[in-house]
Structure formats: C-alpha cells, structure tokens
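The values are calculated or read from the model by the stated rules, or taken from the named source; none is laboratory data. Here the structure is a predicted model, which is why all the values come from computation and not from measurement. Quick reminder, even Gly has a Cβ in these numbers, built from the backbone with ideal geometry, and neighbours come from all protein chains shown.
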C-alpha cells in the first residue's frame, strides 16, 4: 500500500512540475485553440475550426501564459478572445502576432479590415495584409486577396485574382481550387477551361469542400470537361448534400426523376422517376 501511495505522490509531483513548464501551457493552448489551417500549427495537432464554448476560458488562460514566447500562441489567444466576444483584445493579440510574422494573424486582421469588423473598413490595409500573408506562402492570404480583387467594382481585377488563386490552389487550398474552378468554368479572368475546372473541382471535393462536391457532381452528370458519369455524379451530390448543400439535394431529386412530361403549352405535367 505504501508503495502505491508513493507512486501517486510522484505522479502528482510530475503534474505540478509540468504545469509550471511554459511548454506545457503552449501544448494546452495548441490543444484548445489551434486552427487547422494555421501554418504555424504543430503537425501532430489537428486543431479546431471553432473553439468549444467550454474551452474558451481555459484557452485564454493557457494561451496568455504562452503568448510572450510564441507567435502562434498569440494568434490562438486572439482566436480565444474573439470566441469570447472580446474583439478589441483579439485585435491586439493578432496585431502582435502579425508583427512577429504570423500569416494567420495577418489573414484574420485583413478580414476585419475588409469587413469593417471592430475596425474602420480599410480595403488598402486589408489588401496589404493579405498580400503579406500570400507572399509568405499562406494560401488563405491569396484566396482572400483574390476575393478582394473581385469584390468592389473599383478594384476589380479578375486576371490578377485568377493568378493568385492558381498559386493558392497549387498549395492545396480547397477553397482556392473551388474558386479557381469557377473562374475557369466561366472563362473569368482568362480562357474558359472546363477540363481544368473539372480537375480542380475534383481536387477540392476530395478535401470535403461542399461547393466543389456539388460542382464536381454537375460536371460528371452532364459530361462537362470529361465523360458523363451519373454514378460518380450521384456520389458527389450525396456527399455535398450530407454537408448541407441545398443545390446538391435538389440535384439528387432531379436524378431520381430525370424525365419530364409536358403538355402542348410546355407546362410540366409530371416527372418520370426511376
């Protein structure tokens, strides 16, 4: 019995010692508040798209302790503050992280300036932040900069947006692959290329992008950019529908009843289902 107590005491001492280790606080900050797409995130950490409500307070606690020696902890502290509706504190943390080279913090700040959330809207500032992030290799910097270039009529530059999306797509950004696919499918910012668009939709679909799954289904169903494949189309639509895509849900219903009977006036009388 005394040996068991001794082992328990040793374990307790080990935990107490670990709690005082700054690296332990950083590990806890990572576990609670790391973002999946953050390039600074350790490879063995999956990250969370949204910080769970029950984890917000401990995330602020541990990330604040780790922040002085880690730019990713600073960025994650900003995420935790934002989740706690403390936007001024989040902005402060992201500014410091961006100054230290965090490209995710640059993107976060750029989005705030682009939307005028917590700061006065400033497209020039947003563009500068997205450009810094993109130049440092963050695909989201390129994707957001492309969206900005296609946004306001005064700064619309679809050719530049397409070039930015191409670089982000090469870095395996599902959103960039989807957006570039749309531009190629419609001939925006460059030549129309349905074969290339289909390939991009399929790449993004393989990463679970709902919009890309729907478009990959449409291209497969109607034989755009490649052979017609109704079986593949149905599979893509089903995955997109499971993610809540309403267009994919409608497409599945359409595939069930593909033949339409119309009267002499062209009005739909009924659908023939299989």
With respect to residue 51, determine if the residue is farther than 24 Å from residue 168 by Cβ and either more than 19 Å from the chain's Cα centre (by Cα) or free of Cβ contacts under 8 Å to residues at least 40 places away in the same chain (or both).
yes
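Against the definition (within 18 Å of the chain's Cα centre (by Cα), buried (at least 16 other Cβ atoms within 10 Å of the Cβ) and in contact (Cβ under 8 Å) with a residue 12 or more places away in the chain), how does residue 73 come out, yes or no?
Working: within 18 Å of the chain's Cα centre (by Cα): no; buried (at least 16 other Cβ atoms within 10 Å of the Cβ): yes; in contact (Cβ under 8 Å) with a residue 12 or more places away in the chain: yes.
Answer is no for this residue.
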Within region 191-216, of all residues that are in a loop (DSSP other than H, G, I, E, B) and crowded, with 16+ Cβ neighbours inside 10 Å, the one nearest to the chain's Cα centre (by Cα) is 209
Kindly indicate whether any position in region 100-113 is farther than 21 Å from residue 143 by Cα, at pLDDT 95 or above and in contact with a helix residue (DSSP H, G or I) (Cβ under 9 Å, 6 or more places away or on another chain).
yes
Tell me, please, whether a residue that is buried (at least 17 other Cβ atoms within 10 Å of the Cβ) and either at pLDDT below 95 or not in a helix (DSSP H, G or I) (or both) can be found in region 259-273.
no
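Are any residues in region 222-238 surrounded by fewer than 21 Cβ atoms within 10 Å (Cβ to Cβ) and part of a helix (DSSP H, G or I), and if so, which ones?
The answer is 222, 230, 231, 232, 234, 235, 238.
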Kindly indicate which of 122, 99, 38 is out of contact with any strand residue (DSSP E or B) (no Cβ under 9 Å at 6 or more places or on another chain), under 29 Å from residue 149 (Cα atoms), surrounded by 15 or more Cβ atoms within 10 Å (Cβ to Cβ) and free of Cβ contacts under 8 Å to residues at least 12 places away in the same chain.
122
Which condition breaks for residue 140 when tested against (1) under 22 Å from residue 103 (Cα atoms); (2) within 17 Å of the chain's Cα centre (by Cα); (3) without any contact (Cβ under 8 Å) to a residue 60 or more places away in the chain?
(3)
